[in-house]
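The values are calculated or read from the model by the stated rules, or taken from the named source; none is laboratory data. In this text the structure is predicted, and so the values were computed from the model without any measurement. So basically every Cβ, Gly included, is an ideal-geometry build from the backbone, and we count neighbours across all protein chains shown.
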Amino acid sequence: MARHLLNTSDLSTDDILSIVQHAHSVLGPALLEQPPTLAGKRIVLGFFEPSTRTRLSFETAAHRLGARTSLFQPTGSSVEKGESLLETMHTIDAMGFDAIVMRHSVNGTHAEVAAQIRMIVINAGEGTHAHPTQALLDVSTLVEHYGSITGLRICIVGDSLHSRVARSDIDVMQRLGAEVALCGTPELTLSNVDGIAEVFDHIDDALRWSNVVNLLRIQRERRADSEMPDIEAFRSRYALTMAKLAAYPEVRVMHPGPVNIGIEIDQDVLMSPRSLIHRQVTHGVAVRMAVLHKLLHLDS
Ligand code: CP
């Protein structure tokens, strides 16, 4: 495995399977019985964008393994006095942290930082480019549910164009043998992606084809207000309602979160037994434990 985790391309298919296997071994009661393999390690959580799931699950994962964490956020820091990102990183590096788990809105930031500092860099979400641990937790959830994802038909529905999750999911899911399709308006949908099985422009067509639909919210923060679709028009073609889901009883529902209830998904779908969404969150802790262990345990 590479020294940093910047993108899914840093992981071989064997690395992915090994992380999923490791994550499954720490789910359930075993989660509380893990040896503190990262005792003495210090990890900084550098979040330059909001997060609930990723930040808390990395923090929980680190603590479960005995590591200590510190939170860095730009608000209240010397970034507000004009300090550059790289100087901020050199400053954190000089304090002796072993790793930084970093989220940033600008594509390329993680590789730029990794090239200049000693700490291990773990990507916790980068612009529209990559969210590797989200893809790992998504396939971990699917492997638990289905046993294997080889041949599974997964349709990513919604704003794939602005989604780092979509890019990372497509790579990891395809490498594990899934068929991946996209569904969305032309202006919201990734194009020129190798190996995409189908492109749909109505969620009914996606549901008819799929074993799993993976819903995405509209990434408002990465779009100009003038580019926002009309929400009612968007809902009529792309939102998953219980009435639509009921017609396809075998289909399961995923969403990386945060969900926008009443836009791409309804509350009853989120809470339905057909939804794997909260199970994805549980896998987030286990997968991040596996990733931290693999990157930091043997690092000296
Ligand atoms: N899926 C995801 O990255 O969620 P957060 O923004 O809450 O971390």
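Numbers at a glance
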quantity	calculated
Odd one out for P229, checked against (1) without any contact (Cβ under 8 Å) to a residue 60 or more places away in the chain; (2) assigned to a loop (DSSP other than H, G, I, E, B); (3) under 21 Å from R153 (Cα atoms)	(3)
Selection count where residues are within 14 Å of the ligand (Cβ to nearest atom), touching a residue at least 60 places away in the same chain (Cβ under 8 Å) and of a type outside the set (A, V, I, L, M), scope the range 243-263	3
Test for V79: is it hydrophobic (A, V, I, L, M, F, W, C), surrounded by fewer than 16 Cβ atoms within 10 Å (Cβ to Cβ), away from the ligand (no atom under 12 Å from the Cβ) and farther than 21 Å from H293 by Cβ	no
Enumeration of residues in the range 99-108 that are in contact (Cβ under 8 Å) with a residue 60 or more places away in the chain and within 22 Å of K294 (Cβ to Cβ)	A99
Strands (runs of 3 or more DSSP E) wholly inside the range 98-213 containing at least 2 residues that are of a type in the set (G, A, S)	120-126
Contacts under 7 angstrom Cβ, first residue in the range 163-175 being free of Cβ contacts under 8 Å to residues at least 40 places away in the same chain, partner buried (at least 24 other Cβ atoms within 10 Å of the Cβ) and in a helix (DSSP H, G or I), 6 or more apart	M173/V139
Some residue of the range 53-71 being more than 16 Å from the ligand (Cβ to nearest atom) and assigned to a helix (DSSP H, G or I)	yes
The lone exception for A111 - which of (1) under 22 Å from D10 (Cβ atoms); (2) in contact (Cβ under 8 Å) with a residue 40 or more places away in the chain; (3) crowded, with 18+ Cβ neighbours inside 10 Å it fails	(3)
Subset of the range 1-56 that is polar (S, T, N, Q) and more than 19 Å from the chain's Cα centre (by Cα) - its residue that is nearest to R167 (Cα to Cα)	S25
Subset of the range 147-162 (residues that are touching a residue at least 24 places away in the same chain (Cβ under 8 Å) and either surrounded by fewer than 24 Cβ atoms within 10 Å (Cβ to Cβ) or among the β-branched types (V, I, T) (or both))	S148, I149, T150, G151, L152, R153, I154, I156, V157, L161, H162
Test: residue in the range 190-208 that is free of Cβ contacts under 8 Å to residues at least 24 places away in the same chain and crowded, with 18+ Cβ neighbours inside 10 Å	yes
Meets criteria (within 16 Å of L6 (Cβ to Cβ) and surrounded by 20 or more Cβ atoms within 10 Å (Cβ to Cβ)) for A99	yes
A39 vs. criteria within 18 Å of M289 (Cα to Cα) and buried (at least 18 other Cβ atoms within 10 Å of the Cβ)	no
Residue selected from the range 212-242 under the condition within 16 Å of the ligand (Cβ to nearest atom) and surrounded by 11 or more Cβ atoms within 10 Å (Cβ to Cβ), by the criterion modelled with the lowest pLDDT	R222
